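The structure appears right after this line, and notes come after that.
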Amino acid sequence: MEIEDDSRATTYTTLAAGPDVRHELEIRRSRFITVLRRSPDEETARSLVSDLRREFHDARHHCSAFVIGPDRMVQRSSDDGEPSGTAGIPMLEALIKRETAPQVTDLSDVSVVVVRYFGGILLGAGGLVRAYSESVSSALESAPLVIRRRLRLCALEVPHAEAGRLENELRGAGYVMAETGYEAKHTILRLALADNPAEFAEAKGRLASLTAGTIDLRPEGTEWIDLPR
């Protein structure tokens with residue numbers, strides 16, 4: 001069984017699992033409280049807005065934006081009463097244009113809400129755009145990020161007597177080993193490979209070399225995992 005070519009994104013950057021990230025700015029007496037949440041779906045993203053409306057019930061604005069999915073296909077924003085285009089869109093752009101590495105903009109599965117307490121001084125359209133954009137950018141500066149990667153799990157049936165040696169050789173070759181299983185006559189070793197045809201072909205070739213072609217590599221499912229940056 002061969003791996004089919006797949007043009008979908010196999011890696012992106014997101015917030016590390018953990019509590020919401022909070023940051024506050026004061027700009028011309030207005031308070032801008034920014035909250036970031038890791039959001040793998042729209043329900044989680046929208047729950048952030050609901051949570052902060054309850055917490056900051058007396059605030060004038062709860063502007064929001066989120067980007068979701070490995071390919072960042074889901075993108076939404078809301079000005080929540082601010083002049084059109086002065087809050088939600090700048091916030092969304094701060095997310096999608098954020099460089100997570102030099103010339104890499106792949107941040108996703110992130111929602112953000114900026115709660116504003118009006119300080120009595122009008123900022124004007126340009127001032128609002130800068131304030132909301134800066135609020136999100138500043139919060140991202142302190143946010144812990146991880147690389148999210150889709151890996152292909154592949155299994156190989158190995159006689160029990162050979163399993164330890166082969167596993168050590170595969171680890172020595174730099175392969176990531178996943179969960180091992182045991183059957184009556186075989187040990188099931190599993191590799192976690194980058195999910196692309198070239199990686200699978202290379203692993204098959206290496207395995208054939210190590211086993212004189214007696215053991216084949218069987219694709220199983222895929223799994224997204226967090227990796228440190």
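Throughout, read-outs are computed from the coordinates displayed, never taken from laboratory work. Keep in mind it's a predicted model, so treat the numbers as computed, not measured. Methodologically, a virtual Cβ is constructed for each residue, glycine included, from the backbone with ideal geometry; neighbour enumeration extends over all protein chains shown.
At-a-glance table
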item	result
Amide H contacts of residue 109 (H built 1.01 Å from N, under 5 Å, at least 5 apart or other chain)	67, 68, 69
Per-residue ³J(HN,Hα) for segment 74-87, Karplus 6.51 cos²θ - 1.76 cosθ + 1.60, θ = phi - 60°, Hz, x for Gly and Pro	9, 9, 9, 7, 9, 7, 6, x, 6, x, 3, x, 9, 10
Under-5 Å amide H pairs with residue 187, H placed in peptide plane, nonlocal only	158, 160
Cα→Cβ-extended label distance, 7 Å offset, between residue 104 and residue 29, nm	4.5 nm
Unit charges on C-beta of K, R, D, E only; dipole of the chain, Debye	780 debye
Whole-Hz couplings from phi, Karplus 6.51/-1.76/1.60, listed for segment 127-144; x for Gly and Pro	x, 5, 4, 5, 5, 5, 5, 5, 4, 5, 4, 5, 5, 5, 4, 9, 7, x
Whole-Hz ³J(HN,Hα) from phi, Karplus 6.51 cos²θ - 1.76 cosθ + 1.60, for segment 155-161, glycine and proline x	10, 9, 8, 10, x, 3, 5
Residues whose placed amide H lies under 5 Å from that of residue 76, excluding near-sequence neighbours	66
Relative contact order (percent, whole number), the chain, Cα cutoff 8 Å, 6+ residue spacing	24 percent
Sum of -39500 (n - 2.57) over DSSP H runs of 4+, divided by residues of the chain (222 nm, nearest 500)	-9500 deg cm²/dmol
Backbone N within segment 146-161 under 16 Å of label point (7 Å from residue 183 Cα along the Cβ vector)	154-161
